[in-house]
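The values are calculated or read from the model by the stated rules, or taken from the named source; none is laboratory data. Keep in mind it's a predicted model, so treat the numbers as computed, not measured. All Cβ positions, even for glycine, are placed from backbone atoms using ideal geometry, and neighbour counts span all protein chains on display. What goes into the accessible areas is simple: the full protein's heavy atoms, side chains included, and nothing from ligands, DNA or RNA. Shrake-Rupley method; radii C 1.70, N 1.55, O 1.52, S 1.80 Å.
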Amino acid sequence: MPSSCNSMVFEPSSSGIHSLPNELLVKVFHFLCESYTLPKLCAVCTLWRHVCLTAPALWAVIEVPFQEKNRLDLAKWVNTRISRAKACPIDIIMSLPADSSVESTACDIMQLAAQNIHRLRKLSISGSGKVFRVQRLLEPLLPVITRAPLLEELELHFTERGPVISMGPPTSSSPSPANVASKFNWWSPDSAPRLYRQVCRGISPLYPLVDLTSLELHSLRATPPEMQSLFKDCPSLATLVFRELWPVDVSEFNDSLTRVECLSVLSFTISERRATSGQRSLLSVLSFPNLQILEVCASVLSLPPAFVRVLENVHTIQFSSIATFPTENVNFSSLYSLSAVKCLKVHDSPCESIVGLPRRSDSTARRLSIGSRDEARRNPLRDELMMLPPRSNAPPGPTLAIDTWPLLRTITLSTIRAPDVQWLCRMVLLRPDIRRVELSHSALRHLKGTLLMDGEGDEVTFEVPTWRVRSAPGSGSGKSGVDRWLASRVDVVETNVVIP
């Protein structure tokens, strides 16, 4: 074989990926590869191995692959990556499976994290509080957690541990060895000067922290004085998330109790457990006068008027995962008084039940499905999702005044239900000042392929055909083209909506 042919076969090509500079290869590896795939990249060729081993930042994010526990020595695997990261700050992420056999390995990894506490930038641990002994798991970290100069994010998410009973720091000068929450409240303002974000479930948060800007608490049970202490010790708190907030006994409230105010909070997300007799929502004493973004999730049925009254600066309202067929009446009419709202976001929630619809004339009232105008011939147990509709005695949806939220210009909708897209079209028809609509992929599919329209101009109506009509084109009086109609009135954008 000629020498020229040999060079073509065995010498690496000077074009394509082999022509990229090492710095660009590092960026490609950083965005496309998980930490446990780096050894595979090292095995491709000598050049790639050299690039990987001389780029410490590639090894700095350590997501422990517990799915490989039978094949790898995970503690040794983590130690190798810590050493290859050299002087770079490291992130350790552990999503513990529901398998108690990995507890010993997890404790060994926590010991490695404690030994490198001066380099720890992010620590994320999630798992079951019933399967794992949380106190043993966190034991190596407790003596050194107050010496974490680079720590920016802390996520401790232990499910099935019940509510956080107390958030305040212990009264004694040293932590109690019997209480994990008390241990983690053994804290000082200078312990982690860069810590700006915490996510806690089944354990109390770390505070006081002067620079903490984001706090997410799950399954929280706290009294008004404890909340006041939290806001006082975290003066920079801008993003606050309460998930599954427990109600407070009425005995915790008294006539001399003032409202708990936090001027720094700009974004607030709330989902709470149902209050029983003798209990009140903690929201009734909270006040966020500078709030700009409000998100209501899950089981929340209403908001206390006293809480809403001070929200004069809210420009974005978001509803997420509200029950489609709630067992109780949903009433968010207190939000109608917020005159600064510019953006409305609805994610996986029944639009007309929680937001309502402006009622201008009888021509905009809901009509029967195309092809089944006779009420006697309509099957009440069948809809476009093959789901049972609400009972006939269900409370009617709210009525939105035509001038509610006068500054509303943008609506974001993520749904799998065609009636929600129908609500959106009717909203745009009745509110010509709306300029932009952002739709998820499934909502856009309903807009293009499910909805039909009838009439012209301001007398147009939008209808959801039954499954019988969709299978027989040409029947009924409706016509397609709803997507073109909507695009002629507003800017329609497809968006990728991620719900935490």
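Looking only at residues of the stretch 180-214 that are in contact with a Pro (Cβ under 8 Å, 6 or more places away or on another chain) and modelled with pLDDT of 85 or more, we find that the one that is farthest from Asp91 (Cα to Cα) is Asp211. From Asp99, Asp91, which residue is within 26 Å of Ile117 (Cβ to Cβ), in contact (Cβ under 8 Å) with a residue 24 or more places away in the chain, out of contact with any helix residue (DSSP H, G or I) (no Cβ under 7 Å at 6 or more places or on another chain) and of a type outside the set (Gly, Ala, Ser)? When all the criteria are applied, what remains is Asp91. Scanning the stretch 215-241 for residues that are at pLDDT below 90, within 20 Å of Ser271 (Cα to Cα) and part of a helix (DSSP H, G or I) yields Pro224, Glu226, Met227, Gln228, Leu230. Residues in the stretch 141-149: is at least one of a type in the set (S, T, N, Q), under 16 Å from Ala75 (Cβ atoms) and open to solvent by 30 Å² or more (accessible area, probe 1.4 Å)? No: zero hits.
Looking for something in contact with a helix residue (DSSP H, G or I) (Cβ under 7 Å, 6 or more places away or on another chain), in a loop (DSSP other than H, G, I, E, B), surrounded by 13 or more Cβ atoms within 10 Å (Cβ to Cβ) and at pLDDT 85 or above - is there at least one such residue anywhere in the stretch 465-486? Within the stretch 465-486, not a single residue is in contact with a helix residue (DSSP H, G or I) (Cβ under 7 Å, 6 or more places away or on another chain), in a loop (DSSP other than H, G, I, E, B), surrounded by 13 or more Cβ atoms within 10 Å (Cβ to Cβ) and at pLDDT 85 or above.
Taken as a whole, the stretch 190-203 holds at least one residue that is open to solvent by less than 10 Å² (accessible area, probe 1.4 Å), assigned to a strand (DSSP E or B) and not hydrophobic (A, V, I, L, M, F, W, C). The single residue among Val346, Val341 that is under 23 Å from the mean Cα position of the chain (by Cα) and either free of Cβ contacts under 8 Å to residues at least 24 places away in the same chain or over 24 Å from Leu263 (Cα atoms) (or both) turns out to be Val346. For Asp249, the conditions (1) in contact with a His (Cβ under 6 Å, 6 or more places away or on another chain); (2) under 21 Å from Thr223 (Cβ atoms); (3) surrounded by fewer than 16 Cβ atoms within 10 Å (Cβ to Cβ) are fulfilled apart from (1). The set of residues from the stretch 285-309 being touching a helix residue (DSSP H, G or I) at 6+ places or on another chain (Cβ under 9 Å) and either surrounded by fewer than 18 Cβ atoms within 10 Å (Cβ to Cβ) or of a type in the set (D, E, K, R) (or both) comprises Ser302, Pro304, Pro305, Ala306, Arg309. Which of the strands (runs of 3 or more DSSP E) contained wholly in the stretch 259-330 include at least 2 residues that are farther than 19 Å from Phe231 by Cβ and of a type outside the set (A, V, I, L, M, F, W, C)? Where strands (runs of 3 or more DSSP E) fall fully within the stretch 259-330 and carry at least 2 residues being farther than 19 Å from Phe231 by Cβ and of a type outside the set (A, V, I, L, M, F, W, C), they are 316-320.
Across the stretch 451-464, which residue is modelled with the lowest pLDDT among those that are surrounded by 18 or more Cβ atoms within 10 Å (Cβ to Cβ) and not in a strand (DSSP E or B)? Checked the stretch 451-464; the qualifying residue modelled with the lowest pLDDT is Val464. Considering the stretch 336-358, the residues that are touching a strand residue (DSSP E or B) at 6+ places or on another chain (Cβ under 6 Å) and not β-branched (Val, Ile, Thr) include one that is nearest to Pro398 (Cα to Cα), namely Gly356. Residues in the stretch 317-342 that are of a type in the set (Ser, Thr, Tyr), over 17 Å from Gly356 (Cα atoms) and open to solvent by less than 30 Å² (accessible area, probe 1.4 Å): there are none.
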